[in-house]
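Engineer: Below is one structure. I have some questions about it.
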Amino acid sequence: MANYKEVAASWITGNFDPETKGKVIELRNTDPVAFEDAFYRNLEFGTGGLRGIMGVGTNRMNKYTVGMATQGLANYIKANVEGEKSVCISYDSRNNSKLFAKISADVLSNNGIHVYLFDNLRPTPELSYSIRAKGATAGIMVTASHNPKEYNGYKVFWSDGGQITSPVDKDIVAEVAKISDPSQVRFNPVDDNIGGIEAMGAEMDEMYLKDILSLMLSPESRARHKDIKIVYTPLHGCGVRLVPECLRRLGFEHVYHVPAQDVSDGDFPTVVSPNPEEPAAMKMALDRADEVGADIVLATDPDADRMGIAVRDNEGKMVQFNGNQTGAMLTYYILNRWKELGKLDSTKYCVKTIVTTELIAAICKSFGIKCYNVLTGFKYIAEIVKANEATGEFICGGEESYGFNIGQFVRDKCAQVACSMVAECAAWAADQGLTLYQLMQKIYAEYGLYVEKMVYIVRKGKTGAEEIEKIMADYRSTPPKTIAGRRLVKVIDYLKPEETGLPKSNVLQFFNEDGDVVSVRPSGTEPKIKFYFGATGDDAPGKIELLKKQFVG
């Protein structure tokens, strides 16, 4: 790529709007570091789409980078899809999400591709659902999920409702890479080639809700325990549109809101980060739970695909479950109920990711159910579901990063169905005289103690990316000899698909003789390198601390 100053100069002199040109000049004159970062490379359209900081520049999310990505997608669709072509589009509460969705819709329509555009913000899983409901070619979700407010993003889905995977993802990336200048983008209508833009709204909501609620398993338990008190917060995102409605339709009569966080606001004014993985993001909801005497807290991220929960421990204190605990608990509940209902057989299966707790695999084994292990990212879970459509039935699956899904209607993680199932699970546990906390302890008593912890290091910008690359290279060349003081017995390098049987991915896993594991992977969407620690046995909590000290200090 050309020198970043030359690239920036082309934005000042080229076919860009006056406001954009002024912002480039201002950035150049006031913040040299941010100026270089904005133009030193093109914002990568990766295998899942775009994600980046919003602002002017080739390395930023803005109307030009979004338009160019959409033109590349349109070119791929036109060249590779026969017959009717259509794309569903949704967006969340982030700043500029609605604008980027409208730009995407216009570009696709101007390329002769019909667009189904949601009339207001909707969750990522509903976008996935709508693609299959409409028989669409593809889908676009404008969101940066749980990233800080400075970010936005653009996820691309294919006709099965899952995010794009190989070989479609690589081929779309190649088409996007061919769009080198905004002049190649059909931003403006072409009179003889209009695809049309059609609104979606309440009718799609109703279909989506009915299918989600059809997956529930214990109506009698819900009826007996409809007085369970639940606090719900959307963390300023779009979950507020549907999660409370799901809980109401399931019969729960005491659902409490956090009013300040019901407001859809891309500045996320009450939290530092709108991520239910972060304890601080849950504080207002936890305070509300203590105020009303709630049993459970449910929180969803801005695009309502991830869910975090908190429950009362034996002393009545609210404690947060991590994604591994929630996923294991829901798997245990669902498999128990499927068994009781006579629905389990050898064609049924679950899926988890390689960095997600092995407790889920142990639970599946005890029920005689296959558990697939896939790379990090829900698109790989969706890929398994698609591959098994004719021969098997997906029960449920999840990943440690607070993503879970049930059934085959949605091909991504879905906080609407997960929140509903957690509430129902609480009613089922109450039938046995247990809280959700006590149910989790029962699972540990049955399968052994599994403890997991994810720790990340943030390294921003160009130098940060280089530092993360060096960390991975050093671990490959010189792996640790011991893990938590126990001898290293196995290393898995996921850059070697011939050894893993999975697509190539920049992930390393180290196993010791106790079966404890450390997984190391750079984030594909954030300037982070992540360390996933997993330990088993009665001394698992202590081993987790040793692992943290060994790998991140």
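Engineer: Closer than 26 Å to LEU43 by Cα, basic (Lys, Arg) and under 26 Å from the mean Cα position of the chain (by Cα): is that true of LYS530 in this structure?
Structural biologist: Answer is yes for this residue.
Engineer: Restricting attention to segment 492-514, which residues are assigned to a loop (DSSP other than H, G, I, E, B) and either of a type in the set (A, V, I, L, M) or in contact with a Ser or Thr (Cβ under 6 Å, 6 or more places away or on another chain) (or both)?
Structural biologist: Pass one, segment 492-514, residues assigned to a loop (DSSP other than H, G, I, E, B): 494-496, 501-507, 513-514.
Across segment 492-514, the qualifying residues are TYR494, LEU495, LEU502, VAL507.
Engineer: Out of the residues in segment 475-491 that are in contact (Cβ under 8 Å) with a residue 24 or more places away in the chain, open to solvent by 50 Å² or more (accessible area, probe 1.4 Å) and assigned to a strand (DSSP E or B), state the one that is farthest from PHE551 (Cα to Cα).
Structural biologist: Across segment 475-491, the extreme among qualifying residues is VAL489.
Engineer: Out of the residues in segment 38-70 that are of a type outside the set (S, T, N, Q) and either part of a helix (DSSP H, G or I) or in contact with a Pro (Cβ under 8 Å, 6 or more places away or on another chain) (or both), state the one that is most open to solvent (accessible area, probe 1.4 Å).
Structural biologist: LYS63
Engineer: If you don't mind, there's one more thing I want to ask. With respect to CYS371, determine if the residue is surrounded by fewer than 21 Cβ atoms within 10 Å (Cβ to Cβ), touching a helix residue (DSSP H, G or I) at 6+ places or on another chain (Cβ under 7 Å), assigned to a strand (DSSP E or B) and modelled with pLDDT of 95 or more.
Structural biologist: So CYS371 fits the description; yes.
Engineer: Oh, and also: Only one of (1) more than 19 Å from the chain's Cα centre (by Cα); (2) of a type outside the set (A, V, I, L, M, F, W, C); (3) more than 16 Å from GLU424 (Cα to Cα); (4) open to solvent by less than 10 Å² (accessible area, probe 1.4 Å) fails for ASN314. Which number is that?
Structural biologist: Among (1) more than 19 Å from the chain's Cα centre (by Cα); (2) of a type outside the set (A, V, I, L, M, F, W, C); (3) more than 16 Å from GLU424 (Cα to Cα); (4) open to solvent by less than 10 Å² (accessible area, probe 1.4 Å), the lone unmet condition for ASN314 is (4).
Engineer: With respect to LYS348, is the statement that it is open to solvent by less than 10 Å² (accessible area, probe 1.4 Å) and closer than 30 Å to ALA138 by Cα true?
Structural biologist: no
Engineer: In segment 20-37, is there at least one residue being open to solvent by less than 50 Å² (accessible area, probe 1.4 Å), in contact (Cβ under 8 Å) with a residue 12 or more places away in the chain, among the aromatic types (Phe, Trp, Tyr) and out of contact with any strand residue (DSSP E or B) (no Cβ under 9 Å at 6 or more places or on another chain)?
Structural biologist: Yes, that holds for at least one residue.
Engineer: I'd like to verify a number: residues in segment 238-256 that are in a loop (DSSP other than H, G, I, E, B) and in contact with a Leu (Cβ under 8 Å, 6 or more places away or on another chain), how many? It would help to see each step written out before you state the result.
Structural biologist: Going residue by residue through segment 238-256, those that are in a loop (DSSP other than H, G, I, E, B) are 242, 250-253.
Adding the requirement that they be in contact with a Leu (Cβ under 8 Å, 6 or more places away or on another chain) leaves 242, 250.
Count: 2.
Engineer: Name every residue in segment 74-103 that is among the hydroxyl-bearing types (Ser, Thr, Tyr) and surrounded by 24 or more Cβ atoms within 10 Å (Cβ to Cβ), in order of residue number. Break it down stepwise before answering.
Structural biologist: Initial filter on segment 74-103 (among the hydroxyl-bearing types (Ser, Thr, Tyr)): 76, 86, 90-91, 93, 97.
Passing the criteria: SER90, TYR91, SER93, SER97.
Engineer: Let me ask something else about it. Residue check: is ALA473 closer than 24 Å to TYR532 by Cα and modelled with pLDDT of 95 or more? Steps first, please.
Structural biologist: Numbers: closer than 24 Å to TYR532 by Cα: yes; modelled with pLDDT of 95 or more: yes.
So ALA473 passes the test.
Engineer: Is it fair to say ILE457 is under 24 Å from the mean Cα position of the chain (by Cα) and assigned to a helix (DSSP H, G or I)?
Structural biologist: So ILE457 fails the test.
Engineer: Then there's this: So LYS548 fits all but one of (1) assigned to a helix (DSSP H, G or I); (2) in contact with a helix residue (DSSP H, G or I) (Cβ under 9 Å, 6 or more places away or on another chain); what number is the exception?
Structural biologist: (2)
Engineer: Is there any pair with a first residue in segment 444-460 that is within 10 Å of GLY537 (Cα to Cα) and a second that is assigned to a strand (DSSP E or B) and open to solvent by 40 Å² or more (accessible area, probe 1.4 Å) whose Cβ atoms are under 7 Å apart and which are 6 or more apart or on different chains, and what are they?
Structural biologist: Short answer, once both residue conditions are applied: GLY448/THR536; LEU449/THR536; TYR450/THR536.
Engineer: Looking only at residues in segment 384-429 that are at pLDDT 95 or above and of a type in the set (Ser, Thr, Tyr), which one is least open to solvent (accessible area, probe 1.4 Å)?
Structural biologist: By that ranking, first place goes to SER420.
Engineer: Something else: Quick check on my filter: what residues within segment 106-161 are part of a helix (DSSP H, G or I), open to solvent by 10 Å² or more (accessible area, probe 1.4 Å) and farther than 29 Å from GLY57 by Cβ?
Structural biologist: TYR129, ARG132, ALA133, LYS134
Engineer: Does at least one position in segment 26-48 carry a residue that is under 30 Å from ASP262 (Cβ atoms) and touching a helix residue (DSSP H, G or I) at 6+ places or on another chain (Cβ under 9 Å)?
Structural biologist: There is at least one residue in segment 26-48 that is under 30 Å from ASP262 (Cβ atoms) and touching a helix residue (DSSP H, G or I) at 6+ places or on another chain (Cβ under 9 Å).
Engineer: Residue under question is ILE179, and the condition is that it be among the hydrophobic types (A, V, I, L, M, F, W, C), over 30 Å from ALA289 (Cβ atoms) and in contact (Cβ under 8 Å) with a residue 12 or more places away in the chain; does it hold?
Structural biologist: Yes; evaluated as a whole, the condition is true for this residue.
Engineer: Then there is this: Cβ contacts < 8 Å: first residue assigned to a helix (DSSP H, G or I), restricted to segment 83-99; second residue open to solvent by 10 Å² or more (accessible area, probe 1.4 Å), any location; separation 6+ or different chain. Result?
Structural biologist: Cβ pairs passing all conditions: SER97/TYR91; SER97/LEU121; LYS98/TYR91; LYS98/LEU121; LEU99/LYS63.
Engineer: In segment 138-150, what residues are at pLDDT 95 or above and among the hydroxyl-bearing types (Ser, Thr, Tyr)?
Structural biologist: Matches in segment 138-150: THR143 only.
Engineer: Turning to a different aspect of this structure: Go through segment 347-361 residue by residue and tally those that are out of contact with any Phe, Trp or Tyr (no Cβ under 6 Å at 6 or more places or on another chain) and assigned to a loop (DSSP other than H, G, I, E, B).
Structural biologist: Residues meeting the conditions: 3.
Engineer: Taking segment 188-224 as the region of interest, how many residues are out of contact with any Phe, Trp or Tyr (no Cβ under 6 Å at 6 or more places or on another chain) and open to solvent by 60 Å² or more (accessible area, probe 1.4 Å)? Step through it out loud before you land on a result.
Structural biologist: Step one: filter segment 188-224 for residues out of contact with any Phe, Trp or Tyr (no Cβ under 6 Å at 6 or more places or on another chain), giving 188-197, 199, 201-207, 209-210, 212-217, 219-220, 222-224.
Retained after the next criterion (residues that are open to solvent by 60 Å² or more (accessible area, probe 1.4 Å)): 188-189, 191-192, 194, 197, 199, 202-203, 206-207, 210, 214, 219-220, 223-224.
The number of residues fulfilling the criteria is 17.
The values are calculated or read from the model by the stated rules, or taken from the named source; none is laboratory data. All figures in this text were calculated on a predicted structure; none of them were measured in a lab. Using ideal geometry, Cβ is built from the backbone for each residue, glycine included, and neighbour counts are taken over all protein chains shown. Please note that ligands, DNA and RNA were not included when accessible areas were found on the heavy atoms of the full protein model with its side chains. Shrake-Rupley method; radii C 1.70, N 1.55, O 1.52, S 1.80 Å.
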